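Take a look at the structure below.
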Amino acid sequence: MAAELVLALTKGRILDDELSLLSRIGIEPVDDPRTSRKLVFETNNTNIRIMVLRGTDVATYVEHGIADVGMSGKDVLLEHGGDGFYEPLDLGLGRCRLMVAKLVKEGELPTRLRIATKFTNTAKRYYAERGIQVDIIKLYGAMELAPVTGLAHRIVDIVETGNTLKANGLEAVELIEEISTRLIVNTTAYKTKNEQVRSLVDSLESIL
């Protein structure tokens, strides 16, 4: 009998797209994860179960082997920085960019910048690689307010259309990473469940 494969999906807006991808390769949850309060779902394939998690938790569950495979945004993976998983496939969902933005009418800057972001690890790495000393201010929302009010000189944030930046007198100036949903696989599961993992990866690859 084939070993069971546990697949972690990201809850929220992206879940519809992830479920649609799985449906196209013949994997359907028995109950609807969008309406059910359950967190683990059986599927029409007796060897595959689905977990629905917060985006920030998918990589953690996969890294620790609780889930064998996961679908997670590249922004989350960059911030997580774990090495317990492979990233074999770009699923192309939720495309956007992680960027540095500044005030359009930016004044003179000090030698040490204050950067507001929720992507603190990614921002630290980005500036360290460029030899630029910065102070990171962690914010969870309303990022655009930080430069406007003087809390920070620049922000690092997800940009889709750029309309919110524009409405607040900001502009995106540096691209850190192109973001989309990626398929990740636990390193141990890749060895111990290789046949099932490869089958899933190949099936998804064939429809992308």
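Here are the numbers:
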quantity	calculated
Loop-located GluC sites (Glu not before Pro) in segment 1-94, at most 16 other Cβ atoms within 10 Å (DSSP)	4
FRET efficiency, residue 207 to residue 138 (Cβ-Cβ, R0 35 Å, nearest 0.05)	0.35
Choice from 81, 55, 73 with maximal GNM fluctuation in the chain (Cα, 10 Å cutoff)	81
Cα Rg, Dmax, segment 46-133, angstrom units	17.1, 62
Taking all pairs of distinct alpha-carbon atoms in segment 96-178, Kirkwood radius in angstrom	12.6 Å
Among the listed pairs 38/166; 11/124; 11/102; 105/138; 11/138; 138/191, those beyond 29 Å (Cα-Cα)	38/166; 11/102; 138/191
Overall form of the chain per C-alpha gyration tensor (a/c, 1.5; a/b vs b/c)	prolate
Antiparallel DSSP beta bridges within the chain, percent to nearest 5	65 percent
Phi to ³J(HN,Hα) by Karplus 6.51 cos²θ - 1.76 cosθ + 1.60 over segment 162-175, Hz, x for Gly, Pro	x, 5, 5, 4, 4, 4, 10, x, 10, 9, 7, 10, 9, 8
Whole-Å distance, taken between Cα centres, linking segment 2-44 and segment 146-188	28 Å
Rounded tilt (10° steps) of 120-129 against the dominant C-alpha axis of the chain	60 degrees
For segment 49-81 versus segment 97-145, the gap between their alpha-carbon centres in whole angstrom	26 Å
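Quick note: the coordinates plus some simple rules give every number you see, no bench work behind them. A quick note: this is a predicted structure, and the numbers were derived from the prediction, not measured. In this analysis, Cβ positions are derived from the backbone assuming ideal geometry, glycine residues included, and neighbour counts consider all displayed protein chains.
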